[in-house]
Amino acid sequence: MMESKKIIWKVDAAHSEFTFKVKHMMISTMGGEFGKFDVTAETKGNDFTDADIQVEVEVDSIVTKNSDRDAHLKSDDFFNAEKHPLITFKSKSFDGETLVGDLTIRDVTLEVSLDVEFNGIAVDPYGQTKAGFELTGAINRKEFGLKWNAVTEAGNVVVSDKVKLEVNVQLVKQA
């Protein structure tokens, strides 16, 4: 039996996004995204099952449509972008529906599971083979050392502990 050839896939950043959402004052949901990131997947042929996936996200690229909030998120109250410039993810397993791996934020590494919808493989007008994925999941930000919070006069916390992750990724097969 012939072994499948290893294929490298790289992110198409123009067609990908790393977004997050949190409850604000427990009455509304606010979101943001990271504008700079790198994703590499190593697969056996076009099958992504048990692919080796590595992700690096630049903390300093966080955008929430509010420059004061962005600066606060980059500070030591949250990500401490100066001391911890990258958020990383390294896969452990992928069964086609659930991606499990080690997520590192600040200096804390925890195993997380993400639900994955594989949208298929297509060839674009330029002859590039691309694969598309939608990933969703949630983490507890305090487990990663993102502990800042405040309480309003009415007793509502300003930022929820739960952070919803929504990642849309298009990968390009490398020649």
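The values are calculated or read from the model by the stated rules, or taken from the named source; none is laboratory data. This is a predicted model, so every value here is computed, not measured. Because the Cβ atoms are built from the backbone with ideal geometry, glycine has one as well, and the counts that use them run over all protein chains shown. These accessible areas exclude ligands, DNA and RNA; they are computed on the full protein's heavy atoms, side chains included. Shrake-Rupley method; radii C 1.70, N 1.55, O 1.52, S 1.80 Å.
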Could you list, in sequence order, all residues of region 115-148 that are open to solvent by 50 Å² or more (accessible area, probe 1.4 Å), free of Cβ contacts under 8 Å to residues at least 24 places away in the same chain, of a type outside the set (D, E, K, R) and within 17 Å of residue 17 (Cβ to Cβ)? 119
Could we say that residue 31 is out of contact with any Gly (no Cβ under 9 Å at 6 or more places or on another chain), modelled with pLDDT under 95, among the small types (Gly, Ala, Ser) and in a strand (DSSP E or B) here? yes
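In region 102-114, which residues are in contact with a strand residue (DSSP E or B) (Cβ under 7 Å, 6 or more places away or on another chain) and either open to solvent by 20 Å² or more (accessible area, probe 1.4 Å) or more than 17 Å from residue 74 (Cα to Cα) (or both)? Let's see the steps before the verdict.
Step one: of region 102-114, the residues in contact with a strand residue (DSSP E or B) (Cβ under 7 Å, 6 or more places away or on another chain) are 102-105, 109-114.
Correct list: 102, 103, 104, 109, 110, 111, 112, 113, 114.
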Of the numbered conditions (1) among the aromatic types (Phe, Trp, Tyr); (2) touching a His at 6+ places or on another chain (Cβ under 8 Å); (3) loosely packed, with under 15 Cβ neighbours inside 10 Å, residue 78 fails exactly one; give the number of that condition. (3)
When you check residue 52 against the structure, is it over 16 Å from residue 173 (Cβ atoms) and not in a loop (DSSP other than H, G, I, E, B), yes or no? no
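Would you say residue 43 is surrounded by 14 or more Cβ atoms within 10 Å (Cβ to Cβ) and under 23 Å from residue 175 (Cβ atoms)? Reasoning before the result, please.
On the way: surrounded by 14 or more Cβ atoms within 10 Å (Cβ to Cβ): yes; under 23 Å from residue 175 (Cβ atoms): yes.
Taking the combined requirement at face value, the residue satisfies it.
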